[in-house]
Amino acid sequence: MDANDPTDRPAPPDLTSSPQGPRQLLVVGGGMVAQRLVEALRARDAAGAWRVTVLAEEPRAPYDRVALTSYFSGRRASDLALGDESLWADPLVRLVRGDAAVGIDRESQTVTTASGRSWRYDHLVLATGSSASMPPIPGNDLPGVFVYRTLDDVAALRGWVEEQAQRWGRPVRGAVIGGGLLGLEAAGALQALGARSTVIQFGSHLMSAQVDLGGGQALRRLINQLGVAVRVDTATTHMRPNRQGAVGRLEFADGGRLDVDVVVVATGVTPRDELARAAGLDAGPRGGVVVDDTCLSADPAISAAGEVACIQGACIGLVAPGYAMAEVVVDRLLGGAATFPGADTATKLKLAGVDVASFGDAFARTPGALEIVWADPVGGVYKKLVLSDDARTLLGGVLVGDASEYASLRPMLGRELPGDPAAYLLPQTSGEVRLELPDDATVCSCNNVTAGTIRAAVTDHDCTDLPGVKACTKAGTSCGSCVPLVKKLMTAELEKAGVTVSRALCEHVDMSRAQLYDAVRVTGITSFSEVMRRFGTRPDARGCDVCKPVVASILATTAPAHVLEGERATLQDTNDHVMANLQKDGSYSVVPRIPGGEVTPEGLLAIGQVALDYGLYTKITGGQRIDMFGARIDQLPGIWRRLVDAGFESGHAYGKSLRTVKSCVGSAWCRFGVQDSAALAVELELRYRGLRSPHKIKLGVSGCARECAEARGKDVGIIATDKGWNLYVGGNGGFTPRHAQLLAEDLDTETLIRTVDRFLMYYVRTADRLQRTAPWIDDVEGGLDGVRAVVLEDSLGIAADLDAQMTQHVDTYEDEWGATLDDPEKLLRFASFVNAPTTPDPSLAYVEERGQARPATAAERAAHDDGTGGAVLVAGTTLAVRS
């Protein structure tokens, strides 16, 4: 026990002995359901009838287990904490951490913990959850075999993968046994750690408990595209050790083998009902404490909630039903008559951008049920709706690859769909279908919030923004999948009430980015100060980290000037401010432009010599150019002097601007190429280099339909045909991958470039801040057809203006680094310390790995300092040896 921790404070006097004092509620288990139960009790028990004590086995407050995978993408354990910390400081709440309950004495109504303490209760709630199942595969106890259930599990997994990567000097080979929800989450975690992963599924397809065979096959293709291998219909028979005694190989029933360095077992969970069984409470046939619809066990002083409860004949491994049980228990404790309404087993998963959703009768088991399926294997989309025998009532659905309709469709379960059901499955280009949800439709199943409650938050409680609605209703505060629908309902209600929904950029600019762009362009304003004086909410406003970069980006195309020129230097993000990408250790990366990925041997030698002389880590990027890491800020001018002298320019890897134009070799070399894609890519990259935009822009040019340049994954994708070029737009990678859509076919080169000019400039003018091209096309009036009408048919009469603005960009372009090297004043900012400009940053330290330098870890620094570790080079990799 930590005496300094208020949640572990000594027990206060036992007030339960007083007839006027609060009764004692004891909750065994410190998970999400326990947190919800305490939160609900304190929200409703205004009279303080109950004092609640939570016994948690883990040494931390309840946290969000659903978001465990985010722990691998930079979030800290503390970021996963649930609810408001003040809950645990409530005088009627006590949280005891790191002290597991080990016994229940039903006669004396006490619970004993591992520390020997005894806790009396008037009512006991078992919320012990479940533990990860471990199948009896020989070798499952080898080092390197993990389960995926708690923060300690994932922390141990991360440590092991990092250790193995360092040991072997190559990507770690991982395997996940189990292709369900948790298995795919674990595979995503391994990917996030840089490990290769293979998912081993015993059944016929992934997520076989949630999606049908068609959906499972579509999901497998999408998972494969992420670099995750999948084996289905595969039973693992042995885990064999390597020479170090850790897990090294998996063997399968079909005779196959897989070499591994780490294995994650995600084959299901087992209810933690051992306390209940030992106390003589009834258990279900597959485990779990048997409870009735009020969550009460055979003992009227003991309830169970969450995954440990066997309710209506089954244990339910989802958090939303657990929350519903917690609410039922609280209602009953306070004299209510609530009963468990049944489990909402709807599921939505996003794995590295792959959307999967399943709800209702996804397998069409209802007698007479009809299935409507729409699939696009090329686009990686599979959608199915299950309807009643008259094709009118929605019974369930499966959405893979595009689950955007999930939030709207799931609340309509058991209700008649207006119009043709097939319309809900077709792509948005076929026309958006709007659903008017009835007030009693559940929008947030985690917190059981209906559409009517959200509408009432606006009409009755004066909520006017999304944070306000979430705080008022709790909708969208758990898994978050309903947030788009909550926002849509809130906006519709505000508009009905005649309230103008704010699209302000920030507190300093009461305009959207598109409105501000037009205002700056029409007025001819050329400075941030003028923008604030004319369009700011206060003339003397100094701006913020939202509006300043936006204004800098707008001015870059309306009044071109150097990014570090005068006042504009103060508007830039960190990377633009030094024209390099800041890395995790405080050093910078350098990326020279290589148009179309085409580079001469002399150019390669020049880059290699610079990297060698400065000791920079080099890596080929996905955009067909070379990234050099580990440069100190004071080294940047020297590095760029060498690169500029060799004919290179800034690659703008640091800016919201054109990054690269990727290409194949095209007809010049490839026997399948039908057009000179490399030449076009070079021409386009030189044309659009330095074009600042709401978000980064990438182009791709393929010389034939084989698509080696992956053009359909780019904002602008061009694919050669026998007659010219097909033009695709709106392809995005990143957090929400999208394939590009066909804008025009068989264009000649001149028409193609003119069309791309207009598309890009229309995007630069009208997109929101940080909005990529795919969502921008969705938001443009008319969608893709609307964009096509503007850039090909000049429907708005602005084509000549767009052409002229792109011509201005091309004519005024200058290399930012070349210009900086000729300006002594601009060079003054490239110093490690203002008061010691010649002193290199001493905090940088590196070790050698695979023949190159990489940042030393904290452990390596410590080991070096105490003499137990290897060599660590402090203060940069090496100094320049040539002038």
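The values are calculated or read from the model by the stated rules, or taken from the named source; none is laboratory data. Everything quoted here is computed from the prediction, not taken from an experiment. Cβ placement follows ideal geometry from the backbone for every residue including glycine, while neighbour counts extend to all protein chains displayed. Surface accessibility is based on the protein's heavy atoms, side chains included, excluding ligands, DNA and RNA. Shrake-Rupley method; radii C 1.70, N 1.55, O 1.52, S 1.80 Å.
Here are the numbers for the structure shown:
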quantity	calculated
Residue-span extension gain [V522 to S118] - 0.36 nm each, minus C-alpha spacing	137.9 nm
J(HN,Hα) series, segment 558-573, from Karplus relation 6.51 cos²θ - 1.76 cosθ + 1.60, nearest Hz, glycine and proline x	8, 9, x, 7, 4, 4, 10, 7, x, 4, 5, 4, 7, 8, 7, 5
Difference of contour (0.36 nm per residue) and Cα-Cα distance, V499 to D803	105.7 nm
For the chain: accessible area per residue (Å², 1.4 Å)	44
For I302, net neighbour charge (Lys/Arg +1, Asp/Glu -1) across residues whose Cβ lies under 13 Å away	-4
The chain, accessible surface, carbon-and-sulfur percent (1.4 angstrom probe)	50
FRET efficiency for E602 and R854, using Cβ-Cβ distance with R0 set to 41 Å, rounded to 0.05	0.90
Note, ³J(HN,Hα) from phi for segment 168-181, Karplus 6.51, -1.76, 1.60, rounded to Hz, x at Gly and Pro	9, x, 8, x, 6, 9, x, 9, 10, 8, x, x, x, 3
Gyration tensor verdict on segment 706-814 (Cα atoms; rounded if a/c is under 1.5, prolate if a/b is larger than b/c, oblate otherwise)	rounded
³J(HN,Hα) computed for each position of segment 252-258 - Karplus, 6.51 cos²θ - 1.76 cosθ + 1.60, integer Hz, glycine/proline x	10, 5, 7, x, x, 9, 8
Amide N proximity, segment 509-542 versus A569 label position 7 Å along Cα-to-Cβ, cut-off under 17 Å	528-529
Potential lengthening between D865 and E436 on full extension [0.36 nm per residue; Cα-Cα distance subtracted]	147.9 nm
Label-point separation, R706 to A67 (7 Å along Cα→Cβ), nm	4.6
Distance in nm between pseudo-label sites at S131 and R534 (7 Å out along the Cβ direction from Cα)	6.9
Estimated FRET transfer efficiency when R0 is 56 angstrom, pair R23-L828 (beta carbons, to 0.05)	0.20
Relative packing of 394-404, 796-806, 686-696, which averages over residues the other C-beta atoms within 10 Å, highest first	394-404, 686-696, 796-806
For the chain, calculated [θ]222 nm from helices alone, where every DSSP H run of n ≥ 4 adds -39500 (n - 2.57)	-8500 deg cm²/dmol
Peptides 144-156, 82-94 ordered by average Cβ neighbours within 10 Å, highest first	144-156, 82-94
The chain, relative contact order in percent, only Cα pairs under 8 angstrom and at least six apart counted	6
For R850, net neighbour charge (Lys/Arg +1, Asp/Glu -1) across residues whose Cβ lies under 14 Å away	+2
Accessible-area value, C446, 1.4 Å probe, nucleic acids and ligands omitted, Å²	10
Label point distance in nm, Q515-R365, each placed 7 Å from Cα along Cα→Cβ	5.2
Sites A253 and D376 - FRET efficiency at Förster radius 41 Å, r taken between beta-carbons, to 0.05	0.75
Long-range amide H partners of V269 with built H, under 5 Å	S133
Local electrostatic count, M134, Cβ distance below 13 Å [Lys/Arg +1, Asp/Glu -1]	-1
Global geometry of segment 234-318, whether rounded, prolate or oblate, following the gyration tensor of its Cα atoms and the 1.5 cut on a/c	prolate
Per-residue SASA entry for C295, accessible area with 1.4 Å probe, Å² rounded to 10	0
Listed peptides 328-339, 854-865, 766-777 by packing density, highest first (mean Cβ within 10 Å)	766-777, 328-339, 854-865
